[in-house]
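First up is the structure itself, then whatever we jot down about it.
The values are calculated or read from the model by the stated rules, or taken from the named source; none is laboratory data. The structure displayed is predicted, hence computed values, not measured ones. Cβ placement follows ideal geometry from the backbone for every residue including glycine, while neighbour counts extend to all protein chains displayed. Note: areas computed on protein heavy atoms with side chains; ligands, DNA, RNA excluded. Shrake-Rupley method; radii C 1.70, N 1.55, O 1.52, S 1.80 Å.
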Amino acid sequence: MNIVVLVKQVPDSGSERKLDPADNTVARASADNVINEMDEYAIEEALTIKEAQGGEVTVLTVGPDSATDAIRKALSMGADKAVHVVDDAIHGSCAVQTSAVIAAALQQMEYDLVLCGAEATDAQLSVMPALLAERLGLPQLSGARKVTIEGGTAKVERQTDGGFWALEAPLPAIVSTWDTINEPRYPSFKGIMAAKKKPVETKSLADIGLDAGSVGLANATSKVLDFAGRPPKGEGVKVTDEGDGAQKFVDYLAGQKIV
């Protein structure tokens, strides 16, 4: 079972995130960048399937040089190797363009299953699995809380408000996972040391057969036109209790349409 896991490096959601006023894109160079949390669940699921059925887990990422940190995290968890597509021309690409880059890279790889997180914490679009399925002509099983591989079929349970849907599709297929599917393992010291020796293949747009003019901010299908910083926090409202504090408090809540 050859499994490819899509991994993205994103600004840490626990720290302040900013846009670069020069081009209104995410200021990644000055951010605290980490591996996308949702992708860790996909990595864990891939490793679990590999441990049960054998095979190989390959990490695929598209991003700047700094994205190697996310790759090493995935390798230290237990992935076998990685492919890193890095090219200055990709900067500012929209989801549609990025899907073209990922699809082109996948077409040069051998796989039975593609796993990815349900969304990235920076954009939260949740569209990449569908875009890739369309480009590659593969079935997509999204939002999985459980994945089972039986023979040449992928079966998933997709969480719903009233229970779950049982879905299945022939392999190869693209499956996105939610954070309810498992508990990602922590890299061991042995795993961290082993990750340093695992192969990471770096590819440019030319290497995967894409024209640099088809991607990038200038050709993006969506752009941020303007943005403003979060307004400063205003002063609180002080209620002086002169025997009618409770009524004043209720009146304030009513005025804010809270009650």
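Just a few scattered comments:
- Here the stretch 61-119 is treated as an ellipsoid with the same Cα gyration tensor; its semi-axes, largest first and in whole Å, are 19, 16, 11.
- Sites Asp65 and Ala166 - FRET efficiency at Förster radius 51 Å, r taken between beta-carbons, to 0.05: 0.75
- Per-pair calculated FRET efficiency, R0 = 30 Å: Val250 and Arg145 via Cβ, rounded to 0.05: 0.10
- Separation in nanometres of the label points that stand 7 Å from Cα toward Cβ, at Asp12 and Val239: 3.8
- Counting only the Cα atoms, the chain fills a convex hull of 186 Å³ per residue.
- Portion, in percent, of the accessible area of the stretch 139-259 that falls on carbon or sulfur, probe 1.4 Å: 54
- Tensor-based shape of the stretch 105-233 (alpha-carbon gyration tensor, a/c under 1.5 rounded, otherwise prolate or oblate): rounded
- Angle between the chain longest axis and helix 68-77 axis [Cα atoms, degrees, rounded to 10]: 70
- Within the stretch 58-154, the GluC sites (Glu not before Pro) that combine a DSSP coil assignment with at most 15 other C-beta atoms in a 10 angstrom radius are Glu110.
- Scanning the chain for trypsin sites (Lys or Arg not before Pro) that sit in a DSSP loop and have at most 10 other Cβ atoms within 10 Å, the longest stretch containing none of them is 1-195.
- Most mobile listed residue (Val239, Val224, Val147) in the chain, GNM with C-alpha springs under 10 Å: Val239
- Over the chain, accessible surface divided per residue gives 56 Å², non-protein components excluded, 1.4 Å probe.
- P(r) weight above 27 Å for the stretch 1-141, C-alpha pairs, percent: 16
- Solvent-accessible area of His91 with every protein chain in place, 1.4 Å probe, in Å² to the nearest 10: 100
- Carbon + sulfur, % of accessible area of the stretch 1-112 - ligands and nucleic acids excluded, 1.4 Å: 44
- The distance from the alpha carbon centre of the stretch 158-188 to that of the stretch 75-153 is 14 Å, rounded to a whole number.
- Take the convex hull of the alpha carbons in the stretch 193-259; its mean projected area over all directions comes to 12.8 nm².
- The loop-placed GluC sites (Glu not before Pro) in the stretch 21-51, going by DSSP, include none that has at most 14 neighbouring Cβ atoms within 10 Å of its Cβ.
- Rounded if a/c under 1.5, otherwise prolate or oblate - the stretch 143-211, Cα gyration tensor axes: oblate
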